[in-house]
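One structure is given here, and the rest of the page talks about it.
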Amino acid sequence: MKEQRQLERLIRSARSAQVLVRFGFLALLATASLAGCGSDAEPDKGTGGMGGVGPATEPLLPWAVGNTWTYRVTEAGAVTNKTTKVMDQTKVGGIGALKDTSAYLVVTMKGADQKDKTESYQAPDAANPDRIVRYRELSYGAMTGDLQLEEYWEPARQHIDGSKVTGDGVTWIDAYTEYKLPVGGQPSPGASTHDQWIVLSADEAVDVPKGHFAHAVHLQKTGGSTKEYWYVRGVGKVRETGGQTEELVDYHLNETVNKLK
């Protein structure tokens, strides 16, 4: 009889242990599942750092062949999509003084038929990899797909300069000469141009179709027109306003290069 009671106690203890083990395993599995869902649903999660999803050392515009950004574009009540992709390294070409400079072909396509297209030649500055510059750009007609305008800049025009983002209110001037070569029209003799940039906020939350980004850099550029931009370190541009509104829908990034080969 005594031996039977001891056996029953052993059986109950074994069952309790099995329940605890099973419960612990399920709890661990649930925790892992929640962590995975959070990383997908919240694009602003990361290691932190001023102004971005990643460390402050990450570029505002990650640069590598194959990097692609898709935006929802709203203009005059019409909504369409625009995709920008970094293509292979090549020569700038054209007739400007920088025609033999190495850069990357960047193709932007907009609209349902993708005829609204620009091809630009851009690259990280050799002395400052966090500064991306534009050398030359070709614009094609949205209706015909034919080349309409060629532009180039000397020195290369700033696209974005993350190295200047050291705090709110920082300003700087980007000076260059702009040349326009309209197809079938008279080329411009070259216009001396100055764009003024200001950091409106070095750390600002922004919501776009892609999701919520808690740490964006908010910039304003004034020159021929006024535009505002929101960039996230390690991601790129997530929003733009001025003339039209662009909001990030999706993006794909390869390993960041941010330098010429």
Exercise for review: Kindly indicate which of G93, G49, G54, G38 is at positive phi, modelled with pLDDT under 95 and either more than 14 Å from the chain's Cα centre (by Cα) or outside the structural domain of N128 (by TED's automatic domain parsing) (or both).
Suggested key: G49
Point to revise | Search result, residues across segment 156-200 that are among the hydroxyl-bearing types (S, T, Y), under 17 Å from L219 (Cα atoms) and not in a helix (DSSP H, G or I) | key: T166, T171
Review point. Looking at (1) assigned by TED's automatic domain parsing to the domain that holds V73; (2) under 27 Å from A64 (Cα atoms), which is the only condition V170 fails?
Key: (2)
Check your understanding: Which condition number does E154 fail, the rest of (1) more than 27 Å from Q114 (Cβ to Cβ); (2) crowded, with 16+ Cβ neighbours inside 10 Å; (3) not aromatic (F, W, Y) being met?
Key -> (2)
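Residue under question is V257, and the condition is that it be aliphatic (A, V, I, L, M), crowded, with 16+ Cβ neighbours inside 10 Å, in contact (Cβ under 8 Å) with a residue 60 or more places away in the chain and not in a strand (DSSP E or B); does it hold?
Criteria met by V257.
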Point to revise | Output for segment 94-118, where each listed residue is touching a Lys or Arg at 6+ places or on another chain (Cβ under 6 Å) and either assigned to a strand (DSSP E or B) or of a type in the set (K, R) (or both) | key: V107, M109, K110, D116
Review point. Has segment 15-34 got at least one residue that is small (G, A, S) and at pLDDT 95 or above?
Key: no
Check your understanding: Quick one: is L149 under 19 Å from K91 (Cβ atoms), outside any loop (DSSP other than H, G, I, E, B) and touching a strand residue (DSSP E or B) at 6+ places or on another chain (Cβ under 8 Å)?
Key -> no
Review point. Hey, among the residues in segment 226-239 that are of a type outside the set (A, V, I, L, M) and free of Cβ contacts under 8 Å to residues at least 60 places away in the same chain, which one's surrounded by the most Cβ atoms within 10 Å (Cβ to Cβ)?
Key: W230
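The values are calculated or read from the model by the stated rules, or taken from the named source; none is laboratory data. Here the structure is a predicted model, which is why all the values come from computation and not from measurement. Cβ coordinates were reconstructed from backbone atoms using ideal geometry, including for glycine residues, and neighbour counts include every protein chain displayed.
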